[in-house]
Amino acid sequence: MSNNIEGKVIVITGASSGLGEAAARHLSSEGATVVLGARRGDRIRALAEELIARRAKALAVATDVTNFDQVKRLVDAAVQAFERVDVMINNAGLMPQSPLDRLKVEDWNRTIDVNIKGVLYGIGAVLPYMEKQRAGHIINVSSVAGHKVRAGGAVYAATKHAVRVISEGLREEVKPYDIRTTVISPGAVDTELTDSITEPDISANTKRFYAQVAVPADSFARAVAFAISQPVEIDINEILYRPTRQEY
Ligand SMILES: NC(=O)c1ccc[n+]([C@@H]2O[C@H](COP(=O)([O-])OP(=O)(O)OC[C@H]3O[C@@H](n4cnc5c(N)ncnc54)[C@H](OP(=O)(O)O)[C@@H]3O)[C@@H](O)[C@H]2O)c1
């Protein structure tokens, strides 16, 4: 019986570590063709080679999601190699944290560029193909911070709220094309994300919190697989999950 994943061409941004890498491994093991994007080309190339050695289909394209032409090149490469794009997972992201009065303007700019513009560019790169196919699935990664905001997390939470707003607008717009849209909002997951916190005191506190509660990245991979594996007439619009021990 088909799992509704086998044979699908799935593009994943931020596939060089954490959630994106875990999703790539899991979806590949379920028979998907995965097309991996991230800036660290060495990492995604090694992952693609590993998956191909297991007889899966995979392709790596070094991509900076803050550059629309590069995101378009990633999606174009997927279609050139595999003739279609079934799923786009806009996952690349950063989580710098700091009170606004520390004026970490560089952090604000990078967070907005990657977490909001990167998602928009991913949507923009796949929509022409998916509208033509009259089929497809766009999965955007938000966060618990897309539902809640705490001191020190204003900019990150703003970007993750934006991902949910963009996803809902997208959902309404793509109805005529039978394109599905899913937002996945994880709580604390054990990845490299806390390395993107540039303030040493906040980084240390956040790493301590993650060490206590964070769950493995395959939790995300299973959530993605659940959404993709539904029958085509069922659109899982939103998944919010946390470690059982996480209060926030
Ligand atoms: N871990 C959590 O607790 C958690 C919770 C909620 C939501 N999330 C979200 O999950 C997503 C993935 O994060 P993660 O936890 O897996 O962290 P991670 O291990 O640090 O992975 C982040 C990924 O994003 C990529 N990336 C960063 N900037 C990029 C850019 N300019 N262009 C292309 N790729 C870029 C990184 O690749 P390169 O550095 O190689 O480019 C990496 O593959 C993020 O959107 C994050 O906000 C995570």
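The values are calculated or read from the model by the stated rules, or taken from the named source; none is laboratory data. Computed from a prediction, not measured in an experiment: that's the story for all the values here. Don't worry about glycine lacking a Cβ; one is built from the backbone with ideal geometry, like all the others, and counts go over all protein chains shown. Remember, those area values only see protein heavy atoms, side chains included, never the ligands or the DNA or RNA. Shrake-Rupley method; radii C 1.70, N 1.55, O 1.52, S 1.80 Å.
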(request) Springs between alpha-carbon atoms under 10 Å, Gaussian network over the chain: tell me which of Ala24, Ala15, Ala223 tops the mean-square fluctuations. (result) Ala223
(request) Please sort 4-10, 35-41 by packing, taking for each peptide the average over its residues of neighbouring beta carbons within 10 angstrom, highest first. (result) 35-41, 4-10
(request) Kindly provide the GluC sites (Glu not before Pro) of region 143-248 that DSSP labels as loop, not H, G, I, E or B, and whose Cβ sees at most 15 other Cβ atoms within 10 Å. (result) Glu192, Glu233, Glu247
(message) For region 45-152, which GluC sites (Glu not before Pro) pass both filters: DSSP loop (anything but H, G, I, E, B) and at most 11 other C-beta atoms within 10 Å?
(response) Glu83
(request) Beyond 23 Å, what share of the Cα-Cα pairs of region 25-164 is found? Please give it as a whole percent. (result) 40
(request) Any lysines with Cα under 17 Å of the Lys175 Cα? List them, leaving off those in the same chain fewer than 8 positions away. (result) Lys132
(message) Using only DSSP helix segments of four residues or longer, with each worth -39500 (n - 2.57), what per-residue ellipticity at 222 nm results for the chain after dividing by its residue count and rounding to 500?
(response) -14000 deg cm²/dmol
(request) Quick one: angle between helix 154-173 and the longest Cα principal axis of the chain, in degrees between 0 and 90, rounded to 10, please. (result) 30
(request) Determine which lysines satisfy two conditions relative to Lys207: a Cα distance under 23 Å, and not lying fewer than 8 residues away in the same chain. (result) Lys104, Lys148, Lys160
(request) Using a 10 angstrom cutoff on alpha carbons, build the Gaussian network for the chain and name the most mobile of Ala32, Ala211, Ala56. (result) Ala211
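Exactly which trypsin sites (Lys or Arg not before Pro) in region 117-221 are in a DSSP loop and have at most 13 other Cβ atoms within 10 Å? Working shown, then result.
Values: sites: Lys117, Lys132, Arg134, Lys148, Arg150, Lys160, Arg164, Arg171, Arg180, Lys207, Arg208; in loops: Arg134, Lys148, Arg150.
Qualifying residues, ordered by number: Arg134, Lys148, Arg150.
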(message) Percent of Cα-Cα pairs more than 25 Å apart in the chain, please.
(response) 38
(request) Find the Rg to Rh ratio for region 17-90, where Rh is the Kirkwood radius over alpha-carbon pairs and Rg uses the same atoms. (result) 0.93
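Probe radius 1.4 Å, ligands and nucleic acids left out: which of Asp190, Asp113 has the largest accessible area, and how do the rest follow?
Details: Asp190 110, Asp113 50 Å².
Descending order: Asp190, Asp113.
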(message) Averaged across orientations, what area in nm² does the convex hull of the alpha carbons in region 5-52 project?
(response) 2.7
(request) Could you state the accessible area per residue of the chain in Å², with a 1.4 Å probe and every protein chain left in place? (result) 47
(request) Give, in whole angstrom and from largest to smallest, the semi-axes √(5λ) of the equivalent ellipsoid of region 122-248, with λ running over the eigenvalues of the Cα gyration tensor. (result) 30, 16, 12
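Just to be sure I follow: if Rg is taken over the C-alpha atoms of region 173-226 and Rh is the Kirkwood radius over the same atoms, what is Rg/Rh?
Details: Rg = 15.9 Å, Rh = 13.4 Å.
We get a ratio of 1.18 for region 173-226.
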(request) Go ahead and set up a Gaussian network model of the chain, Cα springs under 10 Å, then flag whichever of Arg25, Arg73, Arg54 fluctuates most. (result) Arg54
